1. Among Glu114, Glu139, Glu101, which is free of Cβ contacts under 8 Å to residues at least 24 places away in the same chain, of a type in the set (D, E, K, R) and either touching a Lys or Arg at 6+ places or on another chain (Cβ under 8 Å) or not assigned by TED's automatic domain parsing to the domain that holds Leu7 (or both)?
2. Regarding Ile218, is this residue among the hydrophobic types (A, V, I, L, M, F, W, C), surrounded by 15 or more Cβ atoms within 10 Å (Cβ to Cβ), in contact with an Asp or Glu (Cβ under 8 Å, 6 or more places away or on another chain) and touching a residue at least 24 places away in the same chain (Cβ under 8 Å)?
3. Can you name every residue in the range 2-25 that is polar (S, T, N, Q) and buried (at least 24 other Cβ atoms within 10 Å of the Cβ)?
4. Which one is nearest to Asn152 (Cα to Cα) among residues in the range 23-54 that are modelled with pLDDT of 95 or more and among the aliphatic types (A, V, I, L, M)?
5. Is it the case that Gln52 is under 18 Å from the mean Cα position of the chain (by Cα), in a helix (DSSP H, G or I) and of a type outside the set (Gly, Ala, Ser)?
6. Assuming Phe70 fulfils every condition listed in (1) aromatic (Phe, Trp, Tyr); (2) surrounded by fewer than 16 Cβ atoms within 10 Å (Cβ to Cβ); (3) in contact with a helix residue (DSSP H, G or I) (Cβ under 6 Å, 6 or more places away or on another chain) apart from one, which condition is it?
7. Which numbered condition trips up Tyr80, out of (1) part of a loop (DSSP other than H, G, I, E, B); (2) in contact (Cβ under 8 Å) with a residue 60 or more places away in the chain; (3) surrounded by fewer than 23 Cβ atoms within 10 Å (Cβ to Cβ)?
8. Can you pull out every residue in the range 194-232 that is basic (Lys, Arg), in a loop (DSSP other than H, G, I, E, B) and closer than 20 Å to Lys34 by Cα?
Amino acid sequence: MLEDKRLFLLDIDGTVCKGKQLINGTREFLSEVKQSGGQFVFITNNATKSIQDYIETFQELGITTDYHNFITASYATTRYVKKHYPDQLIYVLGTKSFIRELKRNRIRVTTDCEDAEIACVLISYDNQLTYEKLQDTCELLSTRKVDYIATNPDFVCPVEFGYVPDCGAICQMLEHAVKRSPYFIGKPETAMVDLAIKGNHYTREETLVVGDRLYTDILCGSRAGVETALVLTGEATKEEAEAFEQKPDYVFSSIEALHKAWK
């Protein structure tokens, strides 16, 4: 039942924010979750920002958070790389912030496709993308026997005016050139949901995944055995939700409508 939920696992882009603008009702909802003894954790496929970046961003929006309130695709990717490629060199197509995050976690990274030690190619959402980066990545994936992973399969990222291409779109573009697709680490894989539940004192029955995308947020919650709520402030529409194989348990016009129904 919705009123029994205590742990809210929230997507960010299109769910609580559009670009740098907070979606109406978000601040009030998060405040009441905390006041009721519950917890919220942002589980985002956006890998352009570190957790510290997000803490500062939400502080500017008037919302106090700490490291316990975030599990990002970059964090999940870091854990994956450290487990599967210890001390190996990773070629990264991503933002400077993402690369700094990997280095802070003592992962060996390079942006030089000529480096002979490269064991794996890692793709992320990159709002600093250049054609040179794409060409170098194509050369590496076409001429070398290296593994290929990516942070998340999202095709678009919501911004103030609409959408811009996300990691999934970049990978799809590369696939047309190199005939290879990566293993995606972020949602709909369940790692972020599992980590959030493990790090908090709530059951799966007390947990709700909230997001605006069917093929990442809703599918992730379904695979993790957690109820899901779709908000219509981002990518998906009500008609698409009704046609989706893994239907969300709840559909709301916004986070504000979810708040009212939960109360």
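1. Glu114
2. no
3. Scanning the range 2-25 gives a single hit, Thr15.
4. Within the range 23-54, the match that is nearest to Asn152 (Cα to Cα) is Ile43.
5. yes
6. Among (1) aromatic (Phe, Trp, Tyr); (2) surrounded by fewer than 16 Cβ atoms within 10 Å (Cβ to Cβ); (3) in contact with a helix residue (DSSP H, G or I) (Cβ under 6 Å, 6 or more places away or on another chain), Phe70 violates only (2).
7. Against the list (1) part of a loop (DSSP other than H, G, I, E, B); (2) in contact (Cβ under 8 Å) with a residue 60 or more places away in the chain; (3) surrounded by fewer than 23 Cβ atoms within 10 Å (Cβ to Cβ), Tyr80 comes up short only on (1).
8. Passing the criteria: only Arg204.
The values are calculated or read from the model by the stated rules, or taken from the named source; none is laboratory data. For clarity, every value in this text was computed on a predicted model and none was experimentally measured. Cβ atoms come from the backbone with ideal geometry, glycine included; neighbour counts cover every protein chain shown.
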